[in-house]
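The values are calculated or read from the model by the stated rules, or taken from the named source; none is laboratory data. On a predicted model such as this, the values are computed, not experimentally measured, just so you know. Here the Cβ positions follow ideal geometry from the backbone for every residue, glycine too, while neighbour counts run over all protein chains shown. The protein model used for the area step is the full one, side chains on, heavy atoms only, and it has no ligands, DNA or RNA in it. Shrake-Rupley method; radii C 1.70, N 1.55, O 1.52, S 1.80 Å.
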Amino acid sequence: MSTVAELASSNRGYSYAFLDEFAKRELRRRILKAIAIPGYQVPYASRELPIARGWGTGGLQVTLALVGPDDVVKVIDQGADDSVNAANLRRFIARMAGADTTTDASRATLIQSRHRIPEERLQEHQTLVLQVPDPEPLRSVEHDISKARLMHAEADYGLLWLSLYEQLVRYRRVTLGASYPCLVHHRYVMSPSPIPRWDVPKLHQSAHLTLLSAGREKRLYAVPPYTDVRPLEFADVPFRVEDQRGWMCYRTGLQNKFMNELPQTGGGAIYEISDTGFVEKVLRKVPDREAAGSTPAQAAVGATYYDDEGRFYIDGYLR
Amino acid sequence: MVTSGRDAPRPVSAHAPVIVTSPPLLQVRGLVKRYGGHVVAVDRVDIEAYAGEVLGIVGESGSGKSTVLRLLNLEERPDAGEYFFDVPALAGRNLFTLDRMAQRRVRTFDIGIVYQNPHLGLRMRNTSSGNIAERLIVAGERAYRTLRLAAREALAASEFPLDRMDDPPVRLSGGMQQRVQLAKAIALKPKLLLLDEPTTGLDVSVQALVLDTLKRLQRETGVTTIIVSHDLGVIRMLADRVMVMRYGRVVEQGLTDQVLEDPQDAYTQQLVHAKL
Amino acid sequence: MSLLQVNRLSKRFIMHHLRREVMAFDCLTFDVREGEFVLVVGPNGVGKSTLLRCLYRTYLPTSGQAIYHSRYGAIDLACASDVDIVRLRREEIGHVTQFLRVRPRVSAREAVAEPLLAAGLSPIEAGKRASHALDALGLKRELWDAYPTTFSGGEQQKVNLARALIAPRRLVLLDEPTASLDAHARRALVERLAQLKQAGVAIIGVFHHAEDVRGLVDKEIALTADSQRPSEGDGLLTSSIACNGCAGGSGDVAE
C-alpha cells in the first residue's frame, strides 16, 4: 500500500485521486452541507472526468473526493461487480487513489453503486455512493425547475401525492418502480436514485452514510446514518416492494433476495440474485466458525436486510 | 407600503349596523394596487363582508374588480392596504403581511375561489376528482379512501355527474369545468368563497344551472361569498349587497336591488340603464 | 303597539343624464301598529309603489325617518346599514311586488319553499308548507313542479304571493298583489291576509281592487298629486340620507 505522499507526488502528472485539491475541497464542503440538511439537493461544480457524463460521473466525483489509500472500494452496476462500466470505474479509482478493491459488500469501506443497494446490511463505518441520473423527484409533476425549488422550500409536495392518487385511480395500484420518492427526515422529498422499490426501505434508519450525486445535473444530497426515510404512501394503501414471492435463485437456491428474471428460449424464466458479490459469498459456503480466523476475502455472509422468509430487518416497517 | 397591523380594525360605514352585532368576517381597508408605477388598478378600496352574506362587485372591464379578487385571494401583494379575517387564529393580523407559508395556509383552509378561466383554477390533465383531492392532500389528508369520499361528496354538492369524476377537466364542457372548480373551492368548507365571473362565457342555459347550484350551495353552507361580475343579472340573482367599481374606485355601494333600481351615482345610472 | 313610525319621509329621484330631479312624494308622516292593515290610496303615478319600495329600501329615501321597532330594537329604515336591512328582510319584513322574479330551472314549489329553507326549515317540511300555500291560492297541482317562467301572469302571481307570504313576517308590504289574479285566488289571498293580521302582522298595501280588502283595512294613507313637487335641477344634487326636516305633511292620514 502506498502513502498519500507518494501517490500525490508531482511527478505522476496528475493530482491524487485525479481531481485537483480545490475540486475535492469544494466537493467535501458540499457533502458536509448535504449531510447537515438530509435530503436537500446541494448544487456543486461538476468537473470533467475521463468518462462521459451519464456514466457515473456524479458518483465518481464523490468517491474521488472521499477515497484514501486505506479505503477498500467496491463498485456495483445494477447489482453486478463485473460489468464493463463497474470494472472500469473500479480500476480507475484504484489506480488514481491507490485504494484496495473488493466485491465483498461487508469488506468495502466505500461502495459506489448504480441502481442497487447490497443485500447485506451495511455498517456504520461504510459509505454508500449512489449514482443519480435525475436528482429531482418533482420533475415528473413540475417541469419548471425554479418552481420545483420553491415547492421544496415550502415542503409543498401535494402534486407528488396527487400523482400517486391518480395512479391508484387509473391502475388501482402505484405504478412507480424505480426512483420511488421518499420523505427524508420528515422534511425533504428525495429521489433515492433508480434503485428498485426493494431497496428503498434499506435507507431508513440505516447504519451507513448514503451520498447521492448527479454529475450531469450538478446536485448531490445525503441520507445520514440513522435518519428516517419514508416512501410516500397513503395511510390505507401501504408501500409495497416488488412481489418476487416464489422466485428462487437458480445458482444459490435462495429466496427473498432481489432477483433478475432470465427468460428462457423455450418460454418461462429462471431467476438469479441480482447482487453478484452476495452470490459469490454464498456459493463459497464458508461456515461461520471458520470465518472468525480467516482472511477478509473469505468472510462469512453477513446479516441481510431481508431474511430468508422475506421479513424486513426492522420489524413492522413494511406493512 | 403594506403596513403591519395588530391594531384592531375600525368600522368604515357611516351607519354602523345595530342589529347585526357580530363583526364582519372580512375587513379590507385602503387597498391600493399599482401596475408599472403609475397605473392605479385599485385605488383606496374598503370592503366589509359579514358572515353568510353575498357581496357583489360590478364594473366594466378594467374597473379593477378582478384585481380586487386576486388581492383577496392573496395571489398578489397590494401596494397598500390591510386585510383582516375574523377567525380566531388570524384575529388582528393583517393577512397581507403574513409570510408565504401562512398565506398558503389561509388560501388552503379559509378561502375557495372559482375563476372565469378554468385553466387558472384546475389542473386540466389530472383527473377531476384529483383536482379536489389535491386540496385535501395539501391540508394533510393521507388516506386514499377519505380522499375519494371527499372528492365524491364535493363533486356531488356541486351537482357534477359522478360517473365522470375521473375524467380530466380538459375533456369536460365549460359548465362542468366550473362545477369541478366549485367542488374544489368548497371541499374544505372555507369561510370565504370568491367567484370571478363564474358563469361568463357559458351558454345561457348552462349559466342558469350553474347559478342555481351556486345559490343552493350558498344557502346550505352559509359561506360568505364575494362575486365579481360585469353581468348585472348574475349579481341580482346572487348578491345581497353590491359595490360598483370604476377606474379602481368604489363609486357606489348598497343593497343589490337598491343599487340596480335606484342608483345614486351618475356612472351607476348609466351602467344600470345600459344593461336593463 | 306601534311597529313603524314614518316621519316626514321624502323621496326625490336624481336623474343625472337629464340633469334634473323628480319628486316622488314629500314629507309623509304616519304610524303603523302591530296587526294593523294600512291601505295606500291615490291616483296612478303619485308614488304609492315608491313609498313601499322606500320602506323596503329598494329605493333610498331622500330625507325623513321610518323608525321600525324590530325584535332587536328600534331602527331607522331610511338610513339603517345594509346588512341590518338584509337581516330584517330575511326575518321580519316582506315585500310582494307585481312581478315574479325567479331563477330559471327552479320549480314553483322550490321557489315558494326557498324562504323557509333560508329560515332553517328542513327541505321536507318546507316542501310540505309550500305545497299547502300553492294549494290555498289555487295553483293547479300539475304546475307545482314546473318552471314558473312558462306560466301565465296569474299563475306566476300565485307563486309570487305564496313565496312572499309563506315565511313568518312582522311587516308585509303588498304592491298590487291582486292585479292579475282570478276571483278565487283573490279570496284565498284575502283569507291569508286576514290570518296574518290576526297573528299580529302589520300590512301596508297598494291594491288594484281595493274593495277586496275593504273589510280588513284599519286606515288609509292618501297620496295626492300635489305631494309631488318636481324641481328642475339647475345643478346636480349629491345624494344624501340626511334626516333633516322639511315643512308640513302632505300625506293625509284617514283613520
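General observations
- For the pair C and B, total buried accessible area rounded to nearest 100 Å², probe 1.4 Å: 2900 Å²
- Compactness of chain B - radius of gyration and Dmax, Cα, Å: 18.5, 56
- In the protein assembly as shown, the DSSP beta bridges split such that about 55 percent are antiparallel, to the nearest 5.
- Distance cut-off 26 Å, percentage of C-alpha pairs in the range A:111-259 lying past it: 28 percent
- Carbon plus sulfur fraction of accessible area for the range A:137-224, probe 1.4 Å, in percent: 50 percent
- Taking amide H atoms as placed 1.01 Å from N in the peptide plane, the amide H of B:I227 lies under 5 Å from those of B:L55, B:G56, B:I57, B:L195, each 5 or more residues away in sequence or on another chain.
- A Stokes-Einstein calculation at 20 °C with viscosity 1.002 mPa s, built on the Kirkwood radius of the range C:142-202 over Cα pairs, returns a diffusion coefficient of 173 µm²/s.
- Taking every C-alpha pair closer than 8 Å and separated by at least 6 residues, the mean separation divided by the residue count of the range B:175-242 gives a relative contact order of 37 percent.
- DSSP-defined beta bridges in chain A - what % are antiparallel, rounded to 5: 60 percent
- Peptide-level mean, for C:112-123, of C-beta atoms on other protein chains within 10 Å: 1
- Across the range C:61-75, coupling constants 3J(HN,Hα) worked out from phi with the 6.51/-1.76/1.60 Karplus curve, θ = phi - 60°, read x, 7, 7, x, 10, 9, 7, 10, 9, 7, 4, 8, x, 6, 8 Hz, and Gly and Pro carry x.
- Top positive-direction residue, dipole computed over the protein assembly as shown with Cβ charges, set A:S106, B:L55, A:Y317: A:S106
- Bridge type composition, chain B - antiparallel percent by DSSP, nearest 5: 50 percent
- With 10 Å bins from 0: P(r) over the range B:89-210, alpha-carbon pairs, percent: 14, 44, 30, 11, 1
- Taken about its Cα centre, chain A carries a charge dipole of roughly 520 debye when the Cβ of each Lys and Arg holds +1 and the Cβ of each Asp and Glu holds -1.
- Peptide B:243-249, shielding by other chains (average Cβ, 10 Å cutoff): 0
- Accessible-area value, A:W55, 1.4 Å probe, nucleic acids and ligands omitted, Å²: 150 Å²
- Amide H contacts for B:R249 (H built 1.01 Å from N in the peptide plane; partners 5 or more residues away or on another chain; cut-off under 5 Å): B:D43.
- A Cβ-based charge dipole, computed about the Cα centre of chain B with Lys and Arg at +1 and Asp and Glu at -1, lands at about 1000 debye.
- Highest-first arrangement of B:255-262, C:204-211, where packing means the average Cβ count within 10 Å: B:255-262, C:204-211
- Considering only Cα atoms, the convex hull volume of the protein assembly as shown works out to 213 Å³ per residue.
- Peptides B:149-161, B:51-63, ordered by how many other C-beta atoms sit within 10 Å of their residues on average, highest first, read B:51-63, B:149-161.
- Ligands, DNA and RNA left out, the 1.4 Å accessible surface of the range B:20-133 is 49% carbon and sulfur atoms.
- Inter-centroid distance (Cα atoms) of the range C:73-109 relative to the range A:222-241, Å: 58 Å
- Within chain A, longest stretch free of exposed GluC sites (Glu not before Pro) [DSSP loop, at most 14 other beta carbons within 10 Å]: A:155-241
- Calculated P(r) tail over 39 Å for chain A, as whole % of Cα pairs: 13 percent
- Extreme residue, positive dipole direction of the range B:22-135, given options B:G121, B:H38, B:L71 (C-beta unit charges): B:G121
- Tilt relative to chain C, helix C:82-91 - C-alpha long axis, 0 to 90 degrees, to 10: 40 degrees
- Our analysis of the range C:119-160 gives Rg over Rh at 0.99, with the two radii drawn from alpha carbon positions and Rh computed by the Kirkwood formula.
- Residue by residue along A:155-167, Cβ atoms of other protein chains within 10 Å of the local Cβ number 5 on average.
- In chain B, helical runs assigned H by DSSP with n ≥ 4 each contribute -39500 (n - 2.57); averaged across all residues and rounded to the nearest 500, the mean residue ellipticity at 222 nm is -11000 deg cm²/dmol.
- CD proxy at 222 nm, helix term only [per DSSP H run n ≥ 4: -39500 (n - 2.57); per residue of chain A; nearest 500]: -7500 deg cm²/dmol
- Computed from phi, the 3J(HN,Hα) profile of the range B:203-210 under the Karplus parametrisation 6.51, -1.76, 1.60 (θ = phi - 60°) reads 4, 4, 5, 5, 4, 4, 5, 5 Hz, with x in place of Gly and Pro.
- Solvent-accessible surface (1.4 angstrom probe) belonging to A:S179, in square angstrom, nearest 10: 40 Å²
- Each residue of the range A:85-91 is assigned a 3J(HN,Hα), and the resulting list reads 5, 5, 5, 4, 4, 4, 5 Hz, derived from the Karplus form 6.51 cos²θ - 1.76 cosθ + 1.60 (θ = phi - 60°), x at Gly and Pro.
- Only one residue of B:V18, B:A133, B:T97 has its Cα farthest out toward the positive end of the dipole of chain B, where Lys and Arg carry +1 and Asp and Glu -1 on Cβ, and that residue is B:A133.
- Within the listed set A:R219, A:R114, A:R29, the Gaussian network model of chain A (springs between alpha-carbon atoms below 10 Å) gives the highest mean-square fluctuation for A:R29.
- The alpha-carbon atoms of chain C, seen along their principal axes, cover 57, 41, 35 angstrom, with the largest extent given first.
- Estimated buried accessible area (total), pair B and A, 1.4 Å, Å² to nearest 100: 1700 Å²
- Solvent-accessible area per residue in chain B equals 41 Å², computed with a 1.4 angstrom probe and all protein chains kept.
- Under DSSP loop assignment and at most 15 Cβ neighbours within 10 Å, longest trypsin sites (Lys or Arg not before Pro)-free interval of chain C: C:141-255
- Database remark: amide H of A:Y40 closer than 5 angstrom to the amide H of A:A222 (H placed geometrically; neighbours at sequence offset of 5 or more, or on other chains; Pro and chain starts carry no H).
- For the range C:1-132: Kirkwood Rh in Å [reciprocal of mean 1/r, alpha carbons]: 16.9 Å
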